[in-house]
Amino acid sequence: MRPQGTDFAASAKARESVMSLGSIAHLQYYFARTGILDGKGGQLMRKKQPQAVLDISVLEGNGTTTSGGGSDADSSYASLDSSPDLVSKAFGANELARSPVDMQDDEDDGFEDGFIYDPDMLPPTVSTYNHKTHVIHKPPTVPELQADLEASLRIVQRDLEEVQSRKTGTFEEPPEAPQYTNMPGANTQSWYELQGMRILDVVTLAIRAAKLYYSAHELPDRLDSIKPEKQVRADLLGVMEVLKQMATRNFKGGLKDEEIKILVGWVDGVFDILKRDAEIEAAEQAERRGWSWLAGDWTGRELERERQFLMSMDPEAGPLPEWTRASENDAPTPFLETLQNGLRLVRLHNAAVKKSRRRFGAIPTFHVDTQKPYRCADNLRYWAKAAELRFEVVLSIDALGIVYNSGPKAWLDFETAILEWCRHVREELTSGLL
């Protein structure tokens, strides 16, 4: 039966190795990779010299004949046994020393183990399969995607304004506009089809640019705070439904006022998202410029630097008392007493997560009413565990000992944990800004 052609999947057709199955290049590649061409038969061999046999003409030429009633073969073998000269002429010295097993192996293939390479030929293990080097381009950055989105939206905005002005009869052709010979007349079905295909093309490109920008944004929760993702998807589906209706009726009568209104509203909504995103980014940059702990020499003032850091994370909570070192002989310092119930530490953790580039690991539930001691202890445990899960820093504290003021050791461990937490969080925020 003659083999039939095979239909490959779309993903397989993109692979040259799949589409080259059965070709000469594929067989060469397969032989080279599997090593079939290595060893005997794989190199440029030379034919082995034929084995020496008894030549009767040599015996006749030397005049060595036998007399008697025996046969020719018998006389030849008899003379060969008694004449060393004939033996050396008929066989080489190496042939007598070879093993019968080796001779049997040579008879199987008829080739010598030695080989001679042709300098103009590649070794058989070198792949002759044509590999194409696919260049993977660097993915675009968020600013590049934003610029592409803004350019696409401006094109849509310009074309929609032209459609509206043509409907009202106020459109004026610019003098530098190119003139085409086969253009249909205005307000005809052919004209409406050209106009509709143009709007369909530019709006589709704008939707694609918006999708890429939304999916590649580094802070999707910021976009979600501006407009929920569900609403963004609903707006996109509404625009695509309008485009579908336009194409279904073959753009008869041109674009309707309701369709233009929906498209213009979507473009304005995307511009509002971009504007609001830029405002939030500018506000965050202005806030970061006010962080005194971010730069400068803080040698000998490490506690003051961490205090400034804590206050910058949650400025609405008010200033913190001066941070002085706790000792084994003194009572807990006012700074540590402010953080005793754990509520402010939980809020500081959530604020630090919100200001970081990796916005995950916030504490969702905690106790706001801390009149009960166990609630204060729970807040401290929430803070310590969240620090371990989010910032990968293990904090060892005695929550009940801090709440009940069991002794100096609990306060010293508490102060050490706060310092360790400040250092890890500050380093992560600083690295995210560089």
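For segment 372-412, a residue qualifies if it is among the hydroxyl-bearing types (S, T, Y) and more than 17 Å from A352 (Cα to Cα), and the qualifying residues are Y374, S396, Y404, S406. Summed over segment 146-183, residues that are surrounded by 13 or more Cβ atoms within 10 Å (Cβ to Cβ) and not in a helix (DSSP H, G or I) total 1. Determine whether G265 is in a helix (DSSP H, G or I), touching an Asp or Glu at 6+ places or on another chain (Cβ under 7 Å) and not polar (S, T, N, Q). Considered against the rule, which asks whether it is in a helix (DSSP H, G or I), touching an Asp or Glu at 6+ places or on another chain (Cβ under 7 Å) and not polar (S, T, N, Q), G265 comes out as no. Per the conditions (1) within 37 Å of the chain's Cα centre (by Cα); (2) closer than 21 Å to D330 by Cβ, the sole criterion not satisfied by S431 is (2).
Residues are listed down the side, and each one gets a yes or a no for (1) surrounded by fewer than 13 Cβ atoms within 10 Å (Cβ to Cβ); (2) more than 35 Å from the chain's Cα centre (by Cα); (3) within 30 Å of G196 (Cα to Cα); (4) touching a residue at least 40 places away in the same chain (Cβ under 8 Å):
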{"residue": "E259", "(1), (2), (3), (4)": "no, yes, yes, no"}
{"residue": "L263", "(1), (2), (3), (4)": "no, no, yes, yes"}
{"residue": "V267", "(1), (2), (3), (4)": "no, no, yes, yes"}
{"residue": "D277", "(1), (2), (3), (4)": "no, no, no, yes"}
{"residue": "I280", "(1), (2), (3), (4)": "no, no, no, yes"}
{"residue": "R307", "(1), (2), (3), (4)": "no, yes, no, no"}
{"residue": "M311", "(1), (2), (3), (4)": "no, yes, no, no"}
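Limited to segment 282-305, what total is found for residues that are loosely packed, with under 11 Cβ neighbours inside 10 Å and charged (D, E, K, R)? Adding up the residues that qualify gives 2.
With respect to P228, is the statement that it is without any contact (Cβ under 8 Å) to a residue 12 or more places away in the chain and touching a Phe, Trp or Tyr at 6+ places or on another chain (Cβ under 9 Å) true? Criteria not met by P228.
A residue that is within 47 Å of the chain's Cα centre (by Cα) and not in a helix (DSSP H, G or I) cannot be found anywhere in segment 198-209. No other residue among L310, L380 is in contact with a Gly (Cβ under 7 Å, 6 or more places away or on another chain) and either assigned to a helix (DSSP H, G or I) or of a type in the set (S, T, N, Q) (or both) apart from L380.
Values in this text are rule-based calculations from the coordinates and carry no lab data. Computed from a predicted structure; not experimentally measured. Positions of Cβ are backbone-derived with ideal geometry, glycine not excepted, and every protein chain shown enters the neighbour counts.
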